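Read the structure below first, then the notes.
The values are calculated or read from the model by the stated rules, or taken from the named source; none is laboratory data. Keep in mind it's a predicted model, so treat the numbers as computed, not measured. Cβ sites come from the backbone with ideal geometry, for glycine too, and all protein chains shown count toward neighbours. Heads up: the accessible areas ignore ligands, DNA and RNA and are worked out on the full protein's heavy atoms, side chains in. Shrake-Rupley method; radii C 1.70, N 1.55, O 1.52, S 1.80 Å.
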Amino acid sequence: MKSKTRKNKAARTKIYVSRFAIILLSIILQAVGMWAVLFLLGQTTPIVYSVAVSVLSGIITVAIINKDQSACYKLPWVILILLFPYGGIMMYLTFGNVKMSKRQMKKYCAIYTEHHDEYYRQDEVLNRLSEEGGKGKAIVGYLRYATAFPVFDNSTAEYVKCGYKFFNSLKEEIQKAEKYVFLEYFIIDEGVVWGEIEELLLKKQSEGVKVYIMYDDVGSMPKVSPDFYKELCKKGFDARKFHKFIPVVSVSHNNRDHRKIAVIDGKVGFMGGANIADEYANITRPYGRWLDCSVKIKGQAVDSLVRLFIQLFNMCGGKTLAEEDFICPKHAMYDDGYIFPFGDSPAPITEEHIGENVYLDMINRSDKYLYIATPYLIVDTNITTAIKNAARRGVDVRIFIPQIPDKKMIYMMTRSSCISLMSAGVKVYAYRNGFLHSKCFLSDDDSAVIGTINLDFRSLVHHFECGAFFYKNSLLNDIYADFSYLIDRECDLLSPEDIKLKPYEKVVKSILAFLAPLM
């Protein structure tokens, strides 16, 4: 059995390399062709070419400067265009000018057409939140503005501290399914974990349960065959792959579905960092022990997870799902603080960097302590300055990163950011002998954010993401206990000497830091 699995993985890897190489070569040839046309124009009509390039570079530079974005996203493009007008213009037109069809925008925004405020008692909930005071009102207020989603005071959540427990809990809930199962993941890998989940899904399907599956094409490309979704459809599932990676020059190839959402019957939902792959359950260990965290949500807050799933599922084509067919009409009632599940998306869908703004709000409003778990730390000066200022005003700021990286070049930038933060008094811990993949903020015993949003430009700017803001919930105690366990038992407190960069790493880091906002 193991030999067969290895052969299958080797075959998939070969297909992935071949497919990726063909598509990448096609994209490169298209870009070169576009550039060649302008180059030949410059050779045949140099005066016209020179004037056209000068005017176009000026127009594009002014347009970039006037974009409603942080300077760190705009500056690299401006520098490229000013230093290399011809090449910079072509790179921007090829990879920087993001567009989305009206049809896609309409499908994405459909869930925002009705706010359902009366149905979700928003006046009552918001008044209660306002009376209690604290940072919850401000963060909820921003999320209401940015997403039009509701905040819930009648739901509950359970903190799931590792991938192994998450998969066990997910399988238990799938076994209870009576109507439908939603699964949306960046990565699905045909390994042990998926084999067990698929077996359960087939069993439930034979009992009349509908199964809807979505995975990201690029994220899952090394793990499954190009026709994996078709194979799932033949088994009776409604399966779709998000944003097929096709041989067309476009910056939208960066806009991946990085969300991880599971919903069962509209009654129970999961959200967190774990994909459906063996390394997340530590069945395989390519980077040592893998640590992730998720949340299991019950109650009316699951309605938002249903809408987030349908939002991207309908963008993939095929039969359109109607949210009213999947919203649970009657939930169990809980009294466990406030929960606000939310989604984030790239421009031009929204110019709001929702995940980043929520993180910034948590950092700026922290008073006693702030604990952050993140696999990557590649951010703009807004976040690093906010973290430094929090430490300088006396907040106990602790950041948890992996000891073993999954991407060595990216880890250089993470280490560099950590050294800078240490200078302001931030404590940095490395998860011993493994890879920490959790995305978790915890502040002052009263608020937390858990989801899929990494502290890097890909998550904060380019990807479709999701998260949940928790305020005065019982799960905060479990999150704090888990951080305390990491500090005492599984992490090493680092010094600048422990993670200092070698001379060649500083050079590589400088280049990557310049390119990171564009990638």
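Points to keep in mind about this one:
- Residue identified as in contact with a His (Cβ under 9 Å, 6 or more places away or on another chain) and touching a residue at least 12 places away in the same chain (Cβ under 8 Å) among Phe186, Phe166: Phe186
- Enumeration of residues in the range 393-426 that are in a loop (DSSP other than H, G, I, E, B), among the hydrophobic types (A, V, I, L, M, F, W, C) and under 22 Å from the mean Cα position of the chain (by Cα): Ile404
- The residues of the range 261-295 that are assigned to a strand (DSSP E or B), within 15 Å of Gly467 (Cβ to Cβ) and of a type outside the set (Gly, Ala, Ser), listed by number, are Ile261, Phe270, Met271, Val295.
- The helices (runs of 4 or more DSSP H) found wholly in the range 127-239 and carrying at least 3 residues that are modelled with pLDDT of 95 or more and open to solvent by less than 10 Å² (accessible area, probe 1.4 Å) occupy 135-147, 163-175, 192-206.
- Any hit, the range 316-337, residues being assigned to a helix (DSSP H, G or I), within 17 Å of His463 (Cα to Cα) and modelled with pLDDT under 95: yes
- Lone qualifier among Asp278, Asp292 - being touching a Cys at 6+ places or on another chain (Cβ under 7 Å), of a type in the set (Asp, Glu) and under 16 Å from Leu170 (Cα atoms): Asp292
- Residues (open to solvent by 10 Å² or more (accessible area, probe 1.4 Å), closer than 25 Å to Thr156 by Cβ and not polar (S, T, N, Q)) located in the range 282-321: Leu291, Lys296, Lys298, Arg307
- Residue count, the range 461-519 (criterion: within 16 Å of Ala373 (Cβ to Cβ), loosely packed, with under 13 Cβ neighbours inside 10 Å and not basic (Lys, Arg)): 5
- Applying the condition of being in contact with a helix residue (DSSP H, G or I) (Cβ under 8 Å, 6 or more places away or on another chain) and open to solvent by 20 Å² or more (accessible area, probe 1.4 Å) to the range 395-411 and asking which residue is nearest to Ser484 (Cα to Cα) yields Arg398.
- Within the range 214-242, the set of residues being of a type in the set (A, V, I, L, M) and in contact with a helix residue (DSSP H, G or I) (Cβ under 6 Å, 6 or more places away or on another chain) comprises Met214, Met221, Ala239.
- Top-ranked residue of the range 343-394 - restricted to ones that are among the β-branched types (Val, Ile, Thr) and open to solvent by 10 Å² or more (accessible area, probe 1.4 Å), ranked as nearest to Lys67 (Cα to Cα): Thr350
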